[in-house]
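The values are calculated or read from the model by the stated rules, or taken from the named source; none is laboratory data. Note that the structure is predicted; figures quoted are calculated from it, not measured. Please note: Cβ atoms are built from the backbone with ideal geometry, for glycine as well, and neighbour counts cover all protein chains shown.
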Amino acid sequence: MDTSDWILLSIAFYGFVLIATGLYVFVLRHSSVFEPIGQYLFFVTLFSLPLPIRAAITTESVGNISPYLPEFVSYLPISLVLTALSLPVFAAGYYSRFARSLGERMPLIADRGLRGTRAGVIVLVAISSVLIYLLTEDIGGLLPFLLLGYNSTEATFGIGYLAVGFPWLVVAMVIMLDRYAVNRQKLDLVGFGLLLLANLVIHLVTGNRTMILYLAVVLAIFTHFRIRRLSFAFLAPVAIAGFIGLNVVGAFRGSDYETFGDFSEQTLRSVETTGDVKESLFYTLTIGEFVVPFETLPQMVRTIGITEWPWFGASFLRSPVYLIPSAIFPDRPPSLANWYMSKYYGGGYGLNEGRAFFFLAEGYLNFGPAGVFLVAVAWGLLWGALHRWMQRGRDRFGTVLVYALTVGYMFRCIAGEFTTLLVGITQQSLVAVAIVILVTLMFGARRNVEDSEVKAA
């Protein structure tokens, strides 16, 4: 058999393992697609299959397809088999007694009865606004920053720690939704609507589909576990429409707009001049972002233990270093995405240029084939414990909020190294939640004291 046949065989094997694992998860265990294990099965598949499927048809380099595909194409089948086997390994860790025990021991946070969450949101939005102002000051403000469009990401290079102001607005938005769901006050609904609109405008103009997807997943998970259950019949058409919409945004996004009117004109012009709009509907699955991360795994299979020594856990141990902003620690080691570009694509690339590093590829980089299963079982334990923790604290807005923000970020962690999981969730979500809870506790305590004094009088 030639390479294409082996790839097709590995795709069939992946499909078999996926179906078997899915039946166990959703039929026997009655788990939900909103749980971490549902997200894992979906997004691992979404990041794993597009490149092998395309490689089975052609090795032509188009869009984000690696020009070095012919060098590692023969290692795609074993890489896909290893990824397939990670699915039941993850499930074993997810449903293990250890994960359940860990989830039982984790402390719950932020009771729904806490007063002062609106004050916490106001403080968080104020801090986010200051960070965004500092980020965009040299460009001329927020409007010129947005009009950079797709090139806005380049403006954050070196000062990315200030860009957390944008995802912090997502945290504020979800909290306002929770306030409205509990209290049914119009002011909270208005606050939620304004924050939702601000988030959508910012990320649509800048073409940041990752943040739009993150926002949508977080809202769906939070709504399902905190407000009301969402059925699969409702979710499926919405998810399909959203997926197509994000593909269209990716295909037609531009940069360096002069005005918001110019943004509309350029977008319409892109639609009119595109030869085949149907191709753009599946842009990410054919030549877009979903074909990028998985290439790192066959590259690791091709070289680690053969021409390169394993790292033996070094990349995991150094991850906490990235909690320190590069402005404070400019000499911190390059991320795996940057290291990969330098190692496999040659020199001359800036620190803002890299290929997303598949999370299982980092396991292989450190411990060879065993590393893939070590990462899979560790992830299963982690996410299984998180889900059990949320089940214990479903009546606490802080617990479900952290759960939704963390699980909603999983797809970015799958397409990234361990640093993405550790640093990304901490900086973009947990710090913001901590600010709101701290202000809420202070404000709520003060209100309780005032109420006590009134009663005493």
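Below, the figures for the structure above:
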quantity	calculated
Any hit, the stretch 13-29, residues being among the aromatic types (Phe, Trp, Tyr), buried (at least 19 other Cβ atoms within 10 Å of the Cβ) and touching a residue at least 40 places away in the same chain (Cβ under 8 Å)	yes
Considering residues of the stretch 1-12 that are at pLDDT 95 or above and among the aliphatic types (A, V, I, L, M) only, the residue surrounded by the most Cβ atoms within 10 Å (Cβ to Cβ)	Ile7
Residue that is modelled with the lowest pLDDT [pool: residues in the stretch 388-399 that are out of contact with any Gly (no Cβ under 7 Å at 6 or more places or on another chain) and buried (at least 24 other Cβ atoms within 10 Å of the Cβ)]	Phe397
Residue in the stretch 46-53 that is in contact with a Pro (Cβ under 7 Å, 6 or more places away or on another chain) and not in a loop (DSSP other than H, G, I, E, B) present	yes
Test set (1) within 22 Å of Leu85 (Cα to Cα); (2) in the same structural domain as Ser66 (by TED's automatic domain parsing); (3) buried (at least 19 other Cβ atoms within 10 Å of the Cβ) - Phe418 fails condition number	(2)
Any hit, the stretch 174-181, residues being within 19 Å of the chain's Cα centre (by Cα), crowded, with 21+ Cβ neighbours inside 10 Å and not assigned by TED's automatic domain parsing to the domain that holds Ile328	yes
Filter result for the condition that a residue is of a type in the set (A, V, I, L, M), free of Cβ contacts under 8 Å to residues at least 24 places away in the same chain and either in contact with a Leu (Cβ under 8 Å, 6 or more places away or on another chain) or under 30 Å from Leu9 (Cα atoms) (or both), over Ala55, Ala126, Ala155	Ala155
Extreme residue, nearest to the chain's Cα centre (by Cα), among residues of the stretch 1-37 that are of a type in the set (S, T, N, Q) and under 26 Å from Ile53 (Cα atoms)	Thr21
Residue in the stretch 169-187 that is closer than 16 Å to Gly398 by Cα and acidic (Asp, Glu) present	yes
Residue within the stretch 62-73 that is of a type outside the set (Asp, Glu), modelled with pLDDT under 95, crowded, with 21+ Cβ neighbours inside 10 Å and under 30 Å from Tyr180 (Cβ atoms) present	no
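Here's the yes/no breakdown for (1) among the aromatic types (Phe, Trp, Tyr); (2) out of contact with any helix residue (DSSP H, G or I) (no Cβ under 9 Å at 6 or more places or on another chain); (3) under 29 Å from Arg179 (Cα atoms):
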| site | (1), (2), (3) |
| --- | --- |
| Phe329 | yes, no, no |
| Pro334 | no, no, no |
| Asn338 | no, yes, no |
| Tyr345 | yes, yes, no |
| Arg355 | no, no, no |
| Phe358 | yes, no, no |
| Tyr364 | yes, no, no |
| Val375 | no, no, no |
| Arg392 | no, no, yes |
